[in-house]
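Reading through the structure tokens given below for one structure.
The values are calculated or read from the model by the stated rules, or taken from the named source; none is laboratory data. Since we're looking at a predicted model, the values are computed, not measured. FYI the Cβ positions are ideal-geometry reconstructions off the backbone, even for glycines, and counts take in every protein chain you see. Heads up: the accessible areas ignore ligands, DNA and RNA and are worked out on the full protein's heavy atoms, side chains in. Shrake-Rupley method; radii C 1.70, N 1.55, O 1.52, S 1.80 Å.
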Amino acid sequence: MEPAVAVRRGSRVATTVPVSYSKETELKTTLVELLIYITFLATLSFMTFGMVSTNMYYLNKVMEDLFVEQPYSDSDGINFRSIRSHADFWKFAEGPLLDGLYWNTWYDNRTMTDLKNTSYIFYENLLLGVAQIRQLKVRNNTCTIYPYFQPFLKSCYSHYSYQAEDKSDFGLKNESEWKYVSASSFSPWYWGSVGFYRSGGFIFTLPRSKQESMEKLAFLRKNGWITRGTRAVFIDFSTFNANINLFCVVRLVVEFPATGGALTSFQIHSVKLLRYVSYYDYFLASCEVAFCLFIVTFIIQEAIEITRLKMKYFRSAWNWLDMLLIMVSILAICFNIYRTIEVSLLMEDLLSNAHVYPDFYFLAFWQVIYDNMIAVNVFFAWIKIFKYVSFSKTMTQLSSTLSRCAKDIIGFAIMFFIIFFAYAQFSHLVFGSQVNDFSTLQNCIFSQFRIVLGDFNFESLEVNSILGPIYYISFVFFVFFVLLNMFLAIINDTYSEVKADFAVIPNQEFHITDLFRQSYNKALVKLKLRKPDTDLGDENLESSKEFPPTKGKDISKPSKGGSAHEKRHPKPLKLQKGKESLHHSDSVAASQSSVFPEEFQRLLRRTSELEKELNNANAKLSRIMKSMQQLKDASGKTAQ
């Protein structure tokens, strides 16, 4: 509540009622905005949690166990993870891959005649269309051979790059698998272990029969489909589980780097592309409509704010956050519409020709991007709640702590990262060629953060028995024991100072609990569960405590029952009481007035400066008095 204001009129000093309720009105407005925003956040949460489920994890897990972990008995125990050469790849492709793709018999080896040349992986996941295998190659003589070795080496294949890619026909040249196929410019690239691979390449699809697929793979193996220039082979297929309405898009990648050998990686994405099937899906659709209405409302609101504030609008970090949320939300809405249309077109093509590969990887890739984008949106949407709870004293203390120690933290961060990157480069040069955790500068940075958190294997550093222990002990000492504790000390000391400053500020703010209490009392009165005079009596009691009895009192008149001295000297007494009453009213108004934290900080700093000056003056006076006393004692001895 705003403080009462003392008004002096002639010789009368009276206290008026509070002049405004701006703080209460501002708090009510903020509370209404908070409730609206919480409704928007709840709508967004329903949308996001409707996109994921635990079934996605279990579906990814069973597919990984089947195609990545499970070996084949007739292939010398080869599975996808254990591929280390070209021969291992062919063993995996003709063994575990085909066994996982084609489920034509029941567990008791009975042939399932009702499948009609279709495959149900684990008897539940329909294989959509056929699987696709493609490779990317590089041209010969794409690297430079040192002159001393040129007589011995007639061919040289560099690592994969777009400029070195081989697009010429090779091998038999009579089928599509020996001819290069270009991909759309919008097709996503793949970031592998040692390269960044584009779409397209030399492509072939597996027939719908397991026997025909095995014959085709054996034919390609015998005719050398994989060559020295092959740098990556991709295996793509998609499944659909009608029980849980999920598509599972699988990509298995085998890279053949220029060093020789093979590196494996994979991506398994379970996505919900058909959105509106069950009643719960239609509830999510209503949430999406509400979400769009909220976004339109926020756009109008921000447009009005920009028109009113102009360039001042862009000076607030909260406004930038609002614009970021709106832009990400608009992108999410556009992708939702595009995804629905594109899935319908893909399903039409699939139903028209079941012997082609349906490219659901394109949609799955952008669905993952969309999920990541929504995750960022939800994160910043939760952070925005701090904008509406800034009236809380605790939140104000935290924000004041961060703002006050920002300069110290920036200075500390510069010193910290100088030392941190010095150790990162040192570890990369010393251990990079032998320890995977330090093989790249990026891995070095992550590994050092793991050392700070205590999650690190010290035995890996024993490859260098001298510099390894020196690096580890010195890094832990300087970074963990010294720098990290300095950072905590900066935060702790600043928070203690802010808390001490807030302790001496009079707490005259109108809190949200007061607003809830008033609303609760008014609701009880309207429901006739409390008498109106009870609430009024409480307010009068509070008013009597806030405003002293001088309210409306004319103290120019002498008080009754005074002493004889007061009766003999009435006028001075009136003036004295008038001054006391005026001083009392002013003190009440001053005590109830609010002080802004910025003003208080300036006053506090000025007080500290004055205190230092007074201490210096006091010290100088003490020295002067001591010198005068010494002179006095010396003159007394001389007189004697």
From 470, 490, residue being aliphatic (A, V, I, L, M), open to solvent by 70 Å² or more (accessible area, probe 1.4 Å) and either over 26 Å from the mean Cα position of the chain (by Cα) or within 30 Å of residue 400 (Cα to Cα) (or both): 470
Residues satisfying the stated conditions in the stretch 214-257, i.e. out of contact with any strand residue (DSSP E or B) (no Cβ under 8 Å at 6 or more places or on another chain) and of a type outside the set (Val, Ile, Thr): 214, 215, 217, 218, 219, 221, 222, 223, 224, 228, 243, 245
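May I ask you to verify whether residue 383 is out of contact with any helix residue (DSSP H, G or I) (no Cβ under 6 Å at 6 or more places or on another chain), under 19 Å from residue 274 (Cβ atoms) and not charged (D, E, K, R)? Spell out how you get there, then give the answer.
On the way: out of contact with any helix residue (DSSP H, G or I) (no Cβ under 6 Å at 6 or more places or on another chain): yes; under 19 Å from residue 274 (Cβ atoms): no; not charged (D, E, K, R): yes.
Here the answer is no, as residue 383 does not meet what is asked.
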Filtered residue count, the stretch 21-33, keeping only those that are modelled with pLDDT of 75 or more and open to solvent by less than 20 Å² (accessible area, probe 1.4 Å): 0
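Mind checking whether some residue in the stretch 444-455 is of a type in the set (D, E, K, R), open to solvent by 40 Å² or more (accessible area, probe 1.4 Å) and under 28 Å from the mean Cα position of the chain (by Cα)?
Within the stretch 444-455, the first condition is being of a type in the set (D, E, K, R), and the residues that meet it are 450, 455.
If we keep only those that are open to solvent by 40 Å² or more (accessible area, probe 1.4 Å) as well, we get 450, 455.
Next, only the ones that are under 28 Å from the mean Cα position of the chain (by Cα) stay: 450, 455.
Checked against the condition, which is being of a type in the set (D, E, K, R), open to solvent by 40 Å² or more (accessible area, probe 1.4 Å) and under 28 Å from the mean Cα position of the chain (by Cα), the stretch 444-455 yields at least one hit.
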Residue count for the stretch 199-210, restricted to those that are open to solvent by 40 Å² or more (accessible area, probe 1.4 Å) and at pLDDT 90 or above: 1
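Rundown of residues vs (1) surrounded by 11 or more Cβ atoms within 10 Å (Cβ to Cβ); (2) modelled with pLDDT of 90 or more; (3) in contact with a helix residue (DSSP H, G or I) (Cβ under 7 Å, 6 or more places away or on another chain), yes/no style:
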| residue | (1), (2), (3) |
| --- | --- |
| 282 | yes, no, no |
| 288 | yes, no, yes |
| 304 | no, yes, no |
| 310 | no, no, no |
| 313 | yes, no, yes |
| 321 | yes, no, yes |
| 339 | yes, no, yes |
Every pair of residues 6+ apart whose Cβ atoms lie under 9 Å, when the first sits in the stretch 319-347 and is free of Cβ contacts under 8 Å to residues at least 40 places away in the same chain while the second is open to solvent by 30 Å² or more (accessible area, probe 1.4 Å) and among the aliphatic types (A, V, I, L, M): 319/306; 319/309; 326/299; 330/299; 335/369; 335/373; 347/274
Odd one out for residue 175, checked against (1) over 25 Å from residue 100 (Cα atoms); (2) under 44 Å from the mean Cα position of the chain (by Cα): (2)
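Take residue 252 and decide whether it is aliphatic (A, V, I, L, M), within 30 Å of residue 439 (Cβ to Cβ), within 32 Å of the chain's Cα centre (by Cα) and open to solvent by less than 40 Å² (accessible area, probe 1.4 Å). Let's see the steps before the verdict.
Values: aliphatic (A, V, I, L, M): yes; within 30 Å of residue 439 (Cβ to Cβ): yes; within 32 Å of the chain's Cα centre (by Cα): yes; open to solvent by less than 40 Å² (accessible area, probe 1.4 Å): yes.
Criteria met by residue 252.
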Number of the condition not met by residue 151 [criteria: (1) assigned to a loop (DSSP other than H, G, I, E, B); (2) without any contact (Cβ under 8 Å) to a residue 40 or more places away in the chain; (3) in contact with a Lys or Arg (Cβ under 9 Å, 6 or more places away or on another chain)]: (3)
